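Just below is one structure, and these are the notes that go with it.
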Amino acid sequence: MTIRVVLADDQPLVRAGLRVLIADTDDIEVTGEAATGAQAVRLARDTRPDVVVMDIRMPGMDGIEATRLITAGDQPPQVVILTTFDTDDHVYGALRAGASGFLVKDMELDDILAAIRVAAAGDALIEPGVTRRLIARFASMPSPAGQPTATRASAQLEGVTEREREVLTLVGGGLSNKEIAEHLSISAATAKAHVARLLTKLGARDRVQLVIAAYEAGLVSQSARGSGTSPDNRT
């Protein structure tokens, strides 16, 4: 099955480079290119791609608003943000808007292709270096709406068991299912089952949204200090 991709970036050279890269594959095709967020939204609706590779900073409608509109539709495509993280302050906003992952523009080209395939399969992916910085950023941010941690956790984690709370804390720390299993002395299959139940209970679309949920429930600062493990959000 061919993966249909829309490329959204205001730099023609970036789009051209990705288009040439994708042209050499047998399982991915470019169905459209956009130089603005508004164009990306129209193309996503018209061509119904599997994945939109989205830049954040574009003229007019930016990538965050475009992502919000694209993911609000019926059977939306996965949106993967391709950005220069060190100069971009909008990571959290894009994830809240529905992005399924982040990649940085200096990644190896083969890794970008692999990420498109991961996203098309319905999995969330954040490049490990971005995850570490993302978690550090979450941990340094003030409490949402000024609510005490205990109040937030109680409201957002209703129905979540103590073991699931432990798993969510580790997901928030960027640990993979395998690392969670090792940390809790359980099997990888059991760790995966806990993550699946958390996705259902918290109404999260993917693993990225679980990271956000861990932060908003006041758990991520604990995991960010305690994991000591290089994150890898591929499941």
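The values are calculated or read from the model by the stated rules, or taken from the named source; none is laboratory data. If you're wondering where the values come from, they're calculated on a predicted model, not measured in any experiment. As a convention, Cβ positions derive from the backbone with ideal geometry for all residues, glycine included, and neighbour counts pool all protein chains shown.
Results for (1) in contact with a helix residue (DSSP H, G or I) (Cβ under 6 Å, 6 or more places away or on another chain); (2) of a type outside the set (A, V, I, L, M); (3) surrounded by fewer than 16 Cβ atoms within 10 Å (Cβ to Cβ), shown as yes or no for each residue.
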| residue | (1), (2), (3) |
| --- | --- |
| Thr2 | no, yes, yes |
| Asp10 | no, yes, no |
| Leu18 | no, no, no |
| Ala23 | no, no, yes |
| Glu29 | no, yes, yes |
| Glu33 | yes, yes, no |
| Asp46 | no, yes, yes |
| Met54 | yes, no, no |
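Selection of the range 71-81 for residues being crowded, with 19+ Cβ neighbours inside 10 Å and under 13 Å from Leu95 (Cα atoms) yields Gln78, Val79, Val80, Ile81.
Filtering the range 95-111 to residues that are charged (D, E, K, R), closer than 25 Å to Val41 by Cα and in a helix (DSSP H, G or I) leaves only Arg96. Met1: closer than 17 Å to Ala114 by Cβ and out of contact with any Leu (no Cβ under 9 Å at 6 or more places or on another chain), yes or no? When the stated conditions are applied, Met1 passes them. Looking only at residues of the range 171-187 that are modelled with pLDDT of 90 or more and not in a loop (DSSP other than H, G, I, E, B), we find that the one that is nearest to the chain's Cα centre (by Cα) is Ile180. From the list Val80, Val41, which one is of a type outside the set (Phe, Trp, Tyr), under 21 Å from the mean Cα position of the chain (by Cα) and within 14 Å of Ser100 (Cβ to Cβ)? One residue alone meets the criteria, Val80.
Among the criteria (1) at pLDDT below 75; (2) in contact with an Asp or Glu (Cβ under 6 Å, 6 or more places away or on another chain), the one Leu198 does not fulfil is (1). When the range 10-44 is filtered for residues that are in contact with a Gly (Cβ under 7 Å, 6 or more places away or on another chain) and over 19 Å from Lys105 (Cα atoms), the ones remaining, listed by number, are Ala38, Leu43. Name the single residue that is nearest to the chain's Cα centre (by Cα) among those in the range 201-231 being modelled with pLDDT under 55 and in a loop (DSSP other than H, G, I, E, B). Within the range 201-231, the match that is nearest to the chain's Cα centre (by Cα) is Pro231.
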